[in-house]
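Participant: Pasting in a structure now, in structure tokens, and then I'll have a few things to ask.
The values are calculated or read from the model by the stated rules, or taken from the named source; none is laboratory data. Keep in mind that what you see is a predicted model, and the values were worked out from it rather than measured. Glycine also receives a Cβ, built like all others from the backbone with ideal geometry; neighbour counts cover every protein chain displayed.
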Amino acid sequence: MDTDALKLARSLKTRGLPERLTWGAVELSVTNVDRAAWFWIGALGFVPRPDPGPGVALGTSERTLVILRPGARRPVMNDVTGLYHAAFAVPSQEEFSRLLCRFMDLDLRVSPVDHTMSKAIYLNDPDGHGIEIALETPERFARFDDSSSSFAMIDSEGRFRSGRDPLDLKAELAAAAGADLSASIASETVVAHIHLHVPDLEMAQGWFQGIGFARNLSLPSMGMADMGAGAAYTHRLALNIWAGRGAPPPPDGAARLLHYHLTTSDSALFKQASRRLQRDAKGYLSGRDPAGAALTLTLSSTTGTERDAA
């Protein structure tokens, strides 16, 4: 089975072009900034970054990944749209295993999963914000299986995989032998994808397609879909209706995803997205997605300018 996201990835690779979209910082509201920051720093290994305003900016030595904003009066709610989890990709098997060992050493409640195209560790922060630590492994993926009505993947060795297999913890932890568990998270770590609760799958896919994401899997029987941005790793955005069809956005007092940032170096895509988003005073595009979160799309100056896209 082929998908638009896989076709886009092949096309961009052939032309030597980068992904259409990359993620910037994710902004979350929390009930207690100090408590939340302690978790993100003490448990995950994030480091403080220059603070852009109220709250705490955190990430790696190279980039800001998350900004914790005050103002929430209650934890994350169920049965509303918004963030399911934010995923942060680490650069190597050694770093992935080191963090897994660190979390287990801290006795954190984690769920390690093998998605074939990636390996994942799931956990929550003190307010219930979902977090995924990911190791992207698209080289282990061969194709999606379309021989039956149920979802399956074929790995690079020709084996059927569910995409939701348990990780071999013994093998994973072996790669962390001798690692410094107290070290900060690797400087190359990036925001890899976000996964959102939305009120309607088809509407949400159409909306995100309008700002440059390409459709990958659509699995109505599972209540979810995902989309790519031009890399071999095609899971750059995930959507689900697990909070219920027509679910409302979270109220202002709930801990929630407030804002996220995207960047593109494709001026044609930036122009396309301007039909759905509004240009602000800085020349950025901004708007609100189907899950109710604010977003900002910036055109990178490396290959284009806002004027090129006007």
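Participant: Please count how many residues of the stretch 1-53 are among the charged types (D, E, K, R), part of a loop (DSSP other than H, G, I, E, B) and either in contact (Cβ under 8 Å) with a residue 40 or more places away in the chain or surrounded by fewer than 14 Cβ atoms within 10 Å (Cβ to Cβ) (or both).
Facilitator: The total comes to 5.
Participant: Has the stretch 85-95 got at least one residue that is in contact with a His (Cβ under 7 Å, 6 or more places away or on another chain), surrounded by fewer than 23 Cβ atoms within 10 Å (Cβ to Cβ) and closer than 26 Å to Pro290 by Cα?
Facilitator: For the stretch 85-95, residues in contact with a His (Cβ under 7 Å, 6 or more places away or on another chain), surrounded by fewer than 23 Cβ atoms within 10 Å (Cβ to Cβ) and closer than 26 Å to Pro290 by Cα: present.
Participant: Test Arg98 against the stated conditions and say whether it is among the basic types (Lys, Arg), more than 25 Å from Ser182 (Cβ to Cβ), surrounded by 15 or more Cβ atoms within 10 Å (Cβ to Cβ) and in contact (Cβ under 8 Å) with a residue 40 or more places away in the chain.
Facilitator: It is false that Arg98 is among the basic types (Lys, Arg), more than 25 Å from Ser182 (Cβ to Cβ), surrounded by 15 or more Cβ atoms within 10 Å (Cβ to Cβ) and in contact (Cβ under 8 Å) with a residue 40 or more places away in the chain.
Participant: Select from the stretch 57-95 the residues that are out of contact with any helix residue (DSSP H, G or I) (no Cβ under 9 Å at 6 or more places or on another chain) and either free of Cβ contacts under 8 Å to residues at least 24 places away in the same chain or charged (D, E, K, R) (or both) and list them in ascending order.
Facilitator: Residues satisfying the conditions are Glu62, Arg63, Arg73, Arg74, Asp79, Glu94, Glu95.
Participant: Of everything in the stretch 1-33, what is closer than 21 Å to Leu83 by Cβ and not aromatic (Phe, Trp, Tyr)? Give them in sequence order.
Facilitator: Across the stretch 1-33, the qualifying residues are Leu21, Thr22, Gly24, Ala25, Val26, Glu27, Leu28, Ser29, Val30, Thr31, Asn32, Val33.
Participant: Applying the selection to the stretch 159-185, what residues are among the basic types (Lys, Arg) and either touching a Lys or Arg at 6+ places or on another chain (Cβ under 6 Å) or assigned to a loop (DSSP other than H, G, I, E, B) (or both)?
Facilitator: Answer for the stretch 159-185, where residues must be among the basic types (Lys, Arg) and either touching a Lys or Arg at 6+ places or on another chain (Cβ under 6 Å) or assigned to a loop (DSSP other than H, G, I, E, B) (or both): Arg159, Arg164.
Participant: Testing Glu188 on (1) over 24 Å from Gly24 (Cα atoms); (2) charged (D, E, K, R); (3) part of a loop (DSSP other than H, G, I, E, B), one condition comes back false. Which one is that?
Facilitator: Only one criterion in (1) over 24 Å from Gly24 (Cα atoms); (2) charged (D, E, K, R); (3) part of a loop (DSSP other than H, G, I, E, B) is unmet by Glu188, namely (1).
Participant: For the stretch 75-88, state whether one or more residues are closer than 15 Å to Ile185 by Cβ and outside any strand (DSSP E or B).
Facilitator: no
Participant: Which pairs turn up if I take residues in the stretch 217-238 that are more than 18 Å from Thr263 (Cα to Cα) and modelled with pLDDT of 95 or more and look for partners that are part of a strand (DSSP E or B) and of a type in the set (Ser, Thr, Tyr) with beta carbon separation below 6 Å, at least 6 apart in sequence or on another chain?
Facilitator: Matching pairs, first to second residue: Ala225/Ser218.
Participant: I want to confirm something. Restricting to the stretch 140-167 and keeping residues that are among the charged types (D, E, K, R) and either surrounded by 13 or more Cβ atoms within 10 Å (Cβ to Cβ) or touching a residue at least 24 places away in the same chain (Cβ under 8 Å) (or both), which single residue is farthest from Ala86 (Cα to Cα)?
Facilitator: Only one residue fits best here, namely Asp146.
Participant: I'd like the residue in the stretch 54-72 that is assigned to a loop (DSSP other than H, G, I, E, B) and in contact with a strand residue (DSSP E or B) (Cβ under 8 Å, 6 or more places away or on another chain) and, out of all such residues, is surrounded by the most Cβ atoms within 10 Å (Cβ to Cβ).
Facilitator: Within the stretch 54-72, the match that is surrounded by the most Cβ atoms within 10 Å (Cβ to Cβ) is Ala72.
Participant: Return the residues of the stretch 125-139 that are more than 16 Å from the chain's Cα centre (by Cα) and part of a helix (DSSP H, G or I); say none if nothing qualifies.
Facilitator: Glu139 - this is the single residue of the stretch 125-139 that is more than 16 Å from the chain's Cα centre (by Cα) and part of a helix (DSSP H, G or I).
Participant: Residues of the stretch 173-185 being under 20 Å from Thr64 (Cβ atoms) and either surrounded by fewer than 21 Cβ atoms within 10 Å (Cβ to Cβ) or not hydrophobic (A, V, I, L, M, F, W, C) (or both), which ones?
Facilitator: Once the filter is applied, which keeps residues that are under 20 Å from Thr64 (Cβ atoms) and either surrounded by fewer than 21 Cβ atoms within 10 Å (Cβ to Cβ) or not hydrophobic (A, V, I, L, M, F, W, C) (or both), the stretch 173-185 yields Ala183, Ser184.
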